[in-house]
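One structure below.
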Amino acid sequence: MRVSRFFMPLLRETPAEAQIVSHRFMLRAGLVRQASAGIYSWLPLGHRVLRKIEQIVREEQDRAGAIELLMPTLQSAELWRESGRYEAYGKEMLRIKDRHDRDLLYGPTNEELITEIFRSSVRSYKDLPRNLYHIQWKFRDEIRPRFGVMRGREFLMKDAYSFDVDADGARKSYNRMFVAYLRTFARLGLKAVPMKADTGPIGGDLSHEFIVLADTGESQVYCHRDLVDMPVPENVDFQGDLTPYINQRTSLYAATEEKHDADAFAAIPEDKRLAARGIEVGHIFYFGTKYSKPMNAKVAGPKGEDVHVEMGSYGIGVSRLVGAIIEASHDENGIIWPESVAPFRVGLISLKADDPKTREVCEDLYAKLGAAGVDVLYDDTEERAGAKFSTFDLIGLPWQVIVGPRGLANGQVEVKNRRTGERQNLTPEAALNLLTRGNG
RNA sequence: CGGGGCGUAGCGCAGUCUGGUAGCGCAUCUGGUUUGGGACCAGAGGGUCGCGUGUUCAAAUCACGCCGCCCCGACCA
C-alpha cells in the first residue's frame, strides 16, 4: 500500500478525551474514530489489526475443535424470556422495538440463541461433544464507557459454547478452551495469566479470567510470579489429556480481586508474590445446565434417557485486545506492534520522493517485498524526512526500511527494528533477504 | 444513576466573570526557499461560538430548558 493512496488520518495533537495511552495512540495513529460514547468506527489501519487478531483467534479455536458459525446481532426477546434473563439483565441490555412493536434486543451475549439452535437440531449423545463459536459484534449499554475500545459499549467478541452429555465431558471441553486461550494470547504477543474468577451474572461454578498485566488495567489481580512467564503448550493434542497443562497453572495461586484469598496469597514466597493491575481479555465459564434446563435442551443418553446438556461458554474480547496489546507494547513515540498483528509488517520510507535513484530503489523494493508476500506500507509522499520518521514510529510497524540519497551513495539502505531501535545498513538485496526470511 | 467538568475552525486552546458583531498555535490550500528526526518566509481559505427559548438596541458572553462528551464512584469481554 502506498501512503499517497491510503487513508490514514493522523492526529498530531492528542484529543482531550483520551486518558490512557492505548486510546491516545489509537486516535493519533488513525486506528479508530469515536462515533458516539463507547462506539467506534474502525479506520483502515485499525481494521487491519482487528482482522489479524480475529484470524488468530479463529485459527486457535478451529485447532481446538470448535466450529464457526455466525449468529445475528439482533435477537428476539422471546428466547430471553425463556431463560429468565430478559428481566434479569437490566439496563445493560439495549432493547429495541420493531415496526410491529415486537421486542428485540441487541445481543450482549448469545447463550439463549445458541441453545435454541442446538436444541432444535441435536437429539443424541452421539452427536456430542460440540463446541460452536462465532465472532460477532455485541452491545452492552455500559453506564460509563471509557478507555476507548477497552471499555466500549459496542465491541467485537469471540464467544464459544460447548455442549456435553455429562459434567466430565464438559470439564474436558473447558480444558480445551483453556489451552486454546493460552496459545491464542501468546500468538498475539501477550503474556496472559489465567486466574480464578467470579462468574458474574452468567453463573456457574468454574471460571477463569485471562488477564494481561498492565498498569492501566481495570482489575486488581494477585498471582504467583512464575505464572507470568510460564511457557505456552506447543504441539497440543486437543483430543488427548490436557489436565497436566491445566494443573501446572491452577496449582499456583492466581485470582482476581473478587476471588482473592489473602491467606493463600501470603503463603506464596514473598519474592514470588505479584499484586498488579490487569486487563481481562478472555473469560471462560462452565455453567452446567443453567440454560439447558429452563430452555429444555436435551439429548438422549446411552441408555435412552433424556439428559439436559452440560454447557460452558468462552469469550475473548477481540476489539478490546487491540487496546490491550498497545497497553502492553508501546514507547513514548508510539505503538510497537507484535509482528503477528501489525497492520503492515514493513514501512518503506522514501526520504526523497523526487530523487530518481531513491525512487527507483524504493519502487523495486516495494515490488519485490509485495511479490514475496510481505505487507508493506510505502511512504512515497513528499513529506519531510522527520515527519515520516515520527509517523512510522507512531503507527508502530515492526520494521522500517529507510531509503535516501545519503545511504544510496554507499549502495545501502537502513533497516530499523521498531521494538529494539536497532539499525542496520544493508544493500537493498540484503534488506530484502532479511525481511523475506521466514515469510511464506 | 450520584458527584465534578467541558462543548468556540479538522486538532489543541484563549475570549465568557465585566454583553458591543470572534482570535492564537498546529493542520489545510497557493507561491517561493528548503529537504536524513515533526522546516522557513509570504499570502489565502475555513466558524449557524452544541441546540432551543428568553432578557437586551445588541448575546460566544446573562437566564431557563435540552442534547452531546469527558473525569471520579457502584457494574462488565
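For this structure, a couple of remarks:
- Per-residue ellipticity at 222 nm from helix content only, as computed over chain A with -39500 (n - 2.57) for each DSSP H run of at least four residues, stands at -9000 deg cm²/dmol.
- Carbon + sulfur, % of accessible area of the range A:3-335 - ligands and nucleic acids excluded, 1.4 Å: 47
- Accessible surface calculations at 1.4 Å, restricted to protein heavy atoms, place the range A:3-335 at 45 Å² per residue.
- Simple spin-label estimate for A:Ala267 and A:Ile96 in nanometres, 7 Å along Cα-Cβ: 5.0
- Most to least packed among A:268-280, A:178-190 [average Cβ atoms within 10 Å]: A:178-190, A:268-280
- By accessible area, using a 1.4 Å probe on protein heavy atoms only, the range A:346-436 has 46% of its surface on carbon and sulfur.
- Cβ-based net charge around A:Val341, under 14 Å, with every Lys or Arg adding one and every Asp or Glu removing one: +3
- When peptides A:296-303, A:391-398 are ranked by their average number of other Cβ atoms within 10 Å per residue, the highest-first order is A:391-398, A:296-303.
- Working from the Cα coordinates of the range A:346-436, the gyration tensor eigenvalues give, after taking √(5λ), semi-axes of 16, 16, 13 Å in decreasing order.
- Euclidean distance between Cα centres, the range A:260-339 to the range A:19-94, Å: 16
- Where only alpha carbons of the range A:8-51 are counted, the Rg and the Dmax (Å): 9.8, 28
- Kyte-Doolittle at least -1.0, axis length at least 18 Å by Cα - qualifying DSSP helices, chain A: A:167-187, A:356-371
- Cβ-defined net charge surrounding A:Leu369, 9 Å radius [Lys, Arg +1; Asp, Glu -1]: +1
- Counted charge near A:Arg437, where neighbours are those whose Cβ lies closer than 14 Å (Asp, Glu -1; Lys, Arg +1): 0
- Assuming charge only on the beta carbon of Lys and Arg (+1) and of Asp and Glu (-1), the dipole of chain A about its Cα centre is about 700 debye to the nearest 20.
The values are calculated or read from the model by the stated rules, or taken from the named source; none is laboratory data. Computed from a prediction, not measured in an experiment: that's the story for all the values here. So basically every Cβ, Gly included, is an ideal-geometry build from the backbone, and we count neighbours across all protein chains shown. We work out accessible area using only protein heavy atoms, side chains counted, and drop any ligands, DNA or RNA first. Shrake-Rupley method; radii C 1.70, N 1.55, O 1.52, S 1.80 Å.
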